[in-house]
Amino acid sequence: MEQTTKPNSENPPEKKLKKIFELKLDLRNIFTILIGIFLIYSFYSAYAQFEDASIKRPLSSVINDVKNNKVKKIVTEDNKLYIEYRNNKEKGIVAIKEPGTNIYTIFHDAGVDPKNITIENKDTLSSANLINIGLNALGIILPILFFLWLFRQARGAQDSIFSFGNSRAKVFSQEKPKILFKNVAGVDEAKQELSEVVDFLKNPKKYQALGARTPKGVLLVGPSGIGKTLLAKAVAGEAHVPFFSMAGSEFMEMLVGVGASRVRDLFGTAKKNAPAIIFIDEIDAIGRTRSRGVVGGHDEREQTLNQILVEMDGFTPNDNVIVLAATNRGDVLDSALLRPGRFDRRVILDMPDIEGRKAILEIHRQGKPINLSVDWGKVAQRTVGFSGADLENMLNEAAIRAANSNKKDINMDDLEEAATKVKMGPERKRLQQDEDKKITAYHESGHAFVSYFSPQMDPVHRISIVSRGMSLGYTLIPPSLDRTHETKSHLLNLIGVMLGGRAAEQLIFNEMTTGASDDIKRATKIAQEMVMIFGMSDLGPINLGPYTDEDSPYYYEPPKVSEETQKKIDAAVKKIMDEAYTRAKTILLQNRAKLDVVAGELLKVETMDGEKFKELMEKNSARPL
């Protein structure tokens with residue numbers, strides 16, 4: 001069957017050639033062309049002078065050759081005489097006569113009859129006059145063009161000063177959208193809610209007929225890397241409307257009033273192109289809570305925020321313009337910005353669950369050769385707490401690792417190493433003394449032991465004494481399930497696991513090291529939250545922390561508890577920490593022999609996976625109650 005090839009109608013060869021040879025004749029190009037012509041002529045004149053300096057012969061010698069009938073032809077050009085001999089052996093002979101003298105007069109004074117030779121006169125006066133006129137004109141035109149270019153540049157700078165107030169939003173045409181809802185995964189609830197916005201932009205009359213109005217603003221709140229910007233672009237792609245994107249920091253300038261002017265210009269442009277979407281990324285840069293008297297505010301930022309409030313409140317249902325905004329600091333936004341009539345809806349985006357991670361991995365693994373042995377269910381379970389950006393980065397790091405190893409596809413080891421690198425940083429082959437490696441091995445084994453013998457704790461995934469980031473070793477205990485609620489028992493066990501490293505150091509070496517500082521810091525924070533926020537102590541279900549509502553009169557708040565209550569808080573936190581530390585030491589003391597075996601194996605292999613650790617622990621081992 002004959003196949004026909006469809007010509008590329010978008011970029012035919014004729015258009016490509018036209019673009020290549022197309023010349024934009026503005027002032028700068030004309031100035032450049034004239035300078036080029038002047039330089040070319042200068043080089044040509046110098047080259048011509050160099051070529052003329054061939055074989056020079058005195059005029060008297062030429063006159064003698066004419067007398068002896070050796071010369072066939074003489075061509076005169078200004079003061080130069082080009083001699084052509086009859087024998088054709090001598091070529092390129094040039095003689096110079098005095099300016100203003102005639103060749104015939106010279107021969108007559110010398111008593112020579114030139115009737116046997118041919119004399120030609122080459123007229124160069126007209127061409128020389130034209131060249132002189134052109135050079136003189138260039139000498140006048142070039143300075144004029146140069147000063148015109150300077151004035152134009154100065155005027156452009158002046159215009160740019162007055163154009164500070166224009167919006168600098170980037171406009172994305174959605175005639176051929178590249179991003180749709182199918183390209184976004186892990187945020188199914190948010191996509192469902194934003195689908196109503198898409199339907200309104202596509203079919204506004206259906207809602208207006210029932211007296212409904214669209215949300216004027218939709219605020220996307222979630223941690224970094226969760227996909228807020230990508231979701232906003234997907235909304236624009238699904239609705240096939242212009243998409244005006246601008247970061248909150250781009251409204252601010254050193255000139256007063258520029259931010260408010262840019263807000264007016266942005267909203268005015270969007271209304272002219274309605275239906276449209278305005279997307280303001282990192283809106284907390286300009287939407288923070290305004291000052292409340294005691295602490296001074298930023299007047300320019302507040303003026304910009306006030307203009308946004310006015311523009312959003314001035315919308316009518318027929319404007320058909322929706323404002324999307326994204327932030328990971330929804331708690332610091334001004335209450336006037338969040339009231340109904342402005343940002344009517346708040347869409348919360350959270351870390352993807354296991355099904356969401358599977359969908360995200362399915363999207364980002366497209367175009368990458370993956371080994372058939374890869375179990376994506378295990379990968380999704382291994383990456384609890386990863387955002388969409390983390391998962392994309394993990395797959396990219398896995399591809400880089402496979403390429404460096406000259407592999408043809410990405411296997412499970414590459415993904416495992418990439419996940420560890422994204423979470424904890426790259427390996428650092430730092431030289432350690434044997435004593436330091438031994439301390440690290442017992443420290444990490446202590447974490448793993450306490451986790452193994454603690455109920456409700458997830459299984460150990462990997463133990464290593466290889467440095468990563470700022471840590472000399474690590475013990476990975478990723479959650480096997482996505483937890484929604486944290487129980488008091490699990491938090492107490494978690495604190496005990498964190499203190500297991502310090503307990504192992506004190507038990508084995510009867511010494512304390514600085515390696516446990518980060519563990520102690522994180523464990524103390526959990527204990528403080530249990531007492532002050534979660535109400536999980538003998539003090540009862542009372543919130544003893546700082547102000548959490550946005551009606552606080554201060555940014556820097558004084559303690560809201562008395563000194564006596566603060567002492568009780570400190571005592572409750574210390575009690576939790578002491579009990580967890582005592583329990584960790586008891587577990588390690590009861591299993592001292594097994595601790596030596598695991599630490600010794602870790603010194604040999606440096607990195608131990610969860611299966612190997614479980615195998616060592618199950619040999620003649622019993623879990624204490």
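The rows are residues; the columns are (1) at pLDDT below 65; (2) touching a helix residue (DSSP H, G or I) at 6+ places or on another chain (Cβ under 7 Å); (3) of a type in the set (Val, Ile, Thr); (4) on the phi < 0 side of the Ramachandran plot.
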site: Arg28; (1), (2), (3), (4): yes, yes, no, yes
site: Phe31; (1), (2), (3), (4): yes, yes, no, yes
site: Ser61; (1), (2), (3), (4): no, no, no, yes
site: Asn68; (1), (2), (3), (4): no, no, no, yes
site: Asp78; (1), (2), (3), (4): no, no, no, no
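If I ask for residues that are among the polar types (S, T, N, Q) and at pLDDT 80 or above, which ones from the range 196-230 would you list?
If the condition is that a residue be among the polar types (S, T, N, Q) and at pLDDT 80 or above, then Asn203, Ser224, Thr229 are the ones that fit.
Would you check which residues across the range 499-521 are in contact with a Leu (Cβ under 9 Å, 6 or more places away or on another chain) and open to solvent by 40 Å² or more (accessible area, probe 1.4 Å) and list them?
Hits for the range 499-521 are Leu507, Gly515, Ile520.
Kindly provide the set of residues from the range 523-543 that are assigned to a helix (DSSP H, G or I) and within 16 Å of Ser562 (Cβ to Cβ), ordered by number.
Val531, Met532
Of the residues Ile360, Ile354, Ile348, which single one is of a type in the set (Val, Ile, Thr), buried (at least 21 other Cβ atoms within 10 Å of the Cβ) and either within 23 Å of Leu220 (Cα to Cα) or modelled with pLDDT of 85 or more (or both)?
Ile360
Taking the criterion of being at pLDDT below 90 and within 30 Å of Ile308 (Cβ to Cβ), would at least one residue in the range 420-438 satisfy it?
no
Select, from Lys604, Lys614, Lys594, Lys574, the only residue that is touching a residue at least 40 places away in the same chain (Cβ under 8 Å) and either hydrophobic (A, V, I, L, M, F, W, C) or surrounded by fewer than 16 Cβ atoms within 10 Å (Cβ to Cβ) (or both).
Only one candidate qualifies: Lys614.
I need the full set of residues from the range 385-399 which are open to solvent by 10 Å² or more (accessible area, probe 1.4 Å) and within 17 Å of Pro478 (Cα to Cα), in order please.
Matches in the range 385-399: Gly385, Asp390.
If a residue has to be touching a strand residue (DSSP E or B) at 6+ places or on another chain (Cβ under 7 Å), outside any strand (DSSP E or B) and surrounded by 19 or more Cβ atoms within 10 Å (Cβ to Cβ) to count, how many in the range 462-477 make the cut?
1
Just a yes or no: is a residue in the range 287-296 among the aliphatic types (A, V, I, L, M), modelled with pLDDT of 80 or more and either surrounded by 14 or more Cβ atoms within 10 Å (Cβ to Cβ) or farther than 19 Å from Ala185 by Cα (or both)?
Checked against the condition, which is being among the aliphatic types (A, V, I, L, M), modelled with pLDDT of 80 or more and either surrounded by 14 or more Cβ atoms within 10 Å (Cβ to Cβ) or farther than 19 Å from Ala185 by Cα (or both), the range 287-296 yields no hits at all.
Hey, can you tell me all the residues within the range 201-221 that are in contact (Cβ under 8 Å) with a residue 24 or more places away in the chain and surrounded by 14 or more Cβ atoms within 10 Å (Cβ to Cβ)?
If the condition is that a residue be in contact (Cβ under 8 Å) with a residue 24 or more places away in the chain and surrounded by 14 or more Cβ atoms within 10 Å (Cβ to Cβ), then Leu201, Pro204, Gln208, Arg213, Thr214, Pro215, Lys216, Gly217, Val218, Leu219, Leu220, Val221 are the ones that fit.
Considering only residues that are closer than 17 Å to Leu395 by Cα and assigned to a strand (DSSP E or B), which ones fall in the range 345-374?
Correct list: Ile370 only.
Being in contact with a strand residue (DSSP E or B) (Cβ under 8 Å, 6 or more places away or on another chain) and either part of a strand (DSSP E or B) or open to solvent by less than 40 Å² (accessible area, probe 1.4 Å) (or both) is the filter here; which residues of the range 263-273 pass it?
Leu266, Phe267, Ala270
Out of the residues in the range 558-571 meeting the condition of being open to solvent by less than 100 Å² (accessible area, probe 1.4 Å) and assigned to a helix (DSSP H, G or I), tell me which one is farthest from Ile526 (Cα to Cα).
By that ranking, first place goes to Thr565.
Residues Lys408, Lys437: which one is of a type outside the set (A, V, I, L, M, F, W, C) and either exposed (fewer than 14 other Cβ atoms within 10 Å of the Cβ) or not in a helix (DSSP H, G or I) (or both)?
Lys408
Based on this model, can you work out whether Lys56 counts as modelled with pLDDT under 75, over 60 Å from the mean Cα position of the chain (by Cα), open to solvent by 50 Å² or more (accessible area, probe 1.4 Å) and basic (Lys, Arg)?
Taking the combined requirement at face value, the residue satisfies it.
Examine the range 424-433 for a residue that is under 24 Å from the mean Cα position of the chain (by Cα) and outside any loop (DSSP other than H, G, I, E, B), and state whether such a residue exists.
Looking for residues that are under 24 Å from the mean Cα position of the chain (by Cα) and outside any loop (DSSP other than H, G, I, E, B), one finds at least one in the range 424-433, hence yes.
For the condition farther than 22 Å from Thr383 by Cα and either assigned to a strand (DSSP E or B) or not acidic (Asp, Glu) (or both), what is the one hit in Ser489, Ser480?
The match here is Ser489.
Can you tell me which residue is nearest to Gly515 (Cα to Cα) among those in the range 468-493 that are of a type in the set (Gly, Ala, Ser) and in contact with a helix residue (DSSP H, G or I) (Cβ under 9 Å, 6 or more places away or on another chain)?
Per the stated criteria, the residue is Ser471.
For Ser224, indicate whether it is open to solvent by 20 Å² or more (accessible area, probe 1.4 Å), in a loop (DSSP other than H, G, I, E, B) and of a type in the set (Gly, Ala, Ser).
yes
The values are calculated or read from the model by the stated rules, or taken from the named source; none is laboratory data. The structure presented is a predicted model; accordingly, all values stated were derived computationally and were not measured. Every residue, glycine as well, gets a Cβ built from its backbone with ideal geometry; the counts of neighbours run over all protein chains shown. Surface areas here come from the heavy atoms of the whole protein model, side chains and all, with no ligands, DNA or RNA. Shrake-Rupley method; radii C 1.70, N 1.55, O 1.52, S 1.80 Å.
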